[in-house]
Amino acid sequence: MNMRPLTCGLLLLTLTACSVLQPVKDTATQHLLEPLVADRTLTAARPAIAVGRPSLPGYLDSLQLVTRSAGKLMVSKLDLWGEPLDSGISRVIASNLSRLTGSMNIQPVESFTSLDYTTLLELKIAQFEPDAANQMVLQGTWKLQPVTGGEARTHFFRLLIPVPPDPTSLRARVTAMNQALEQLSRQIARSR
């Protein structure tokens, strides 16, 4: 049996596969929410607040950035969250509140190993996206619930942040989201 045609066939198949099955470059951008309150040395033990993951509308609970326009949802295939949106929101709110109060004991709830906090921040977000006027809308309710019992007052919020037009990416939108979370953090810190 002549092995030469078989060897040539395998070589041809390998070369064809190498040229057809080239790696595809991933052009997706992964975005992270970031705290905007100026960093400072944290020295206080109080307040001790656990920041719960916010409840989000189902359409926002996605790794892709979602935009609502004229009653339709548009999901970006190229702009992704680097972490779940609810985790990013609780992380940023906790960091902003720590920096505003100087407390070392304000963290996302999953970062506490035991019940070392006295208050739980509960967030319910109804809307967190640009509107037709290209303003970032952050709307919902929050409350600082004591862990020792008793019902805390629920606060409604609606924040509007202009989103500068940026035709190349959603970076301006993420910046506006960071600014909205900073304003919400300041509102919560003032209420204590």
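The values are calculated or read from the model by the stated rules, or taken from the named source; none is laboratory data. Treat the numbers as computed from the prediction; the structure is a model and nothing was measured. Reconstructed Cβ throughout: ideal geometry from the backbone, glycine too, with neighbour counts over all protein chains shown. In case anyone asks, the SASA skips ligands and DNA or RNA and just uses the protein heavy atoms, side chains included. Shrake-Rupley method; radii C 1.70, N 1.55, O 1.52, S 1.80 Å.
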- Query: Between residue 127 and residues 5 or more places away or on another chain, which pairs have amide H atoms under 5 Å apart, with H built 1.01 Å from N, and which residues are they?
  - Reply: 139
- Query: Where does each of 118, 141 land when they are ordered by accessible area, with a 1.4 Å probe and the largest first?
  - Reply: 118, 141
- Residues whose modelled amide H sits under 5 Å from the amide H of residue 64, counting only those 5 or more places away in sequence or on another chain, are 81
- Task: Along Cα→Cβ, 7 Å out, is where each label goes; now give me the distance between the ones at residue 77 and residue 32 in nm to one decimal.
- Result: 2.7
- Item | Residue order for 27, 41 - accessible surface, 1.4 angstrom probe, largest first | 41, 27
- Expected vector for region 93-100, Karplus 3J(HN,Hα) from phi with 6.51, -1.76, 1.60 and θ = phi - 60°, integer Hz, x for Gly and Pro, equals 4, 4, 5, 4, 5, 4, 5, 6
- When you take every Cα atom in region 27-86, what is the radius of gyration, and what is Dmax, the widest Cα pair distance, in Å? 16.0, 48
- Query: Around residue 96, with a cut-off of 12 angstrom between Cβ atoms, what is the net charge of the other residues, counting Lys and Arg +1 and Asp and Glu -1?
  - Reply: +1
- Karplus couplings for region 27-32 from phi (6.51 cos²θ - 1.76 cosθ + 1.60, θ = phi - 60°), rounded to Hz, Gly and Pro as x? 9, 5, 9, 9, 9, 10
- Message: I need the phi-derived Karplus couplings for region 64-75: 6.51 cos²θ - 1.76 cosθ + 1.60, θ = phi - 60°, integer Hz, Gly and Pro marked x.
- Response: 8, 6, 10, 10, 9, 8, 6, x, 10, 9, 10, 9
- Item | residue 29 long-range amide H proximity, modeled H, under 5 Å | 79, 80
- Item | Potential lengthening between residue 41 and residue 69 on full extension [0.36 nm per residue; Cα-Cα distance subtracted] | 5.9 nm
- Consider a paramagnetic label point 7 Å from the Cα of residue 87 along Cα→Cβ; state which residues of region 100-139 have an amide N under 17 Å from it. 107-113
- Item | Overall Cα dimensions of region 125-192, principal axis frame, Å, largest first | 49, 19, 16
- Message: Which residues among region 32-56 fall inside the zone where the amide N is under 18 Å from a point 7 Å beyond the Cα of residue 171, along Cα→Cβ?
- Response: 32-36
- Query: According to a simple spin-label model (label point 7 Å from Cα along Cα-to-Cβ), what is the distance in nm between residue 127 and residue 112?
  - Reply: 3.2
- Task: With a 1.4 Å probe and every protein chain left in place, tell me how much accessible area residue 59 has, in Å² to the nearest 10.
- Result: 60
- Task: Enter the accessible area of residue 68 (Å², nearest 10), with the probe set to 1.4 Å and all protein chains included.
- Result: 100
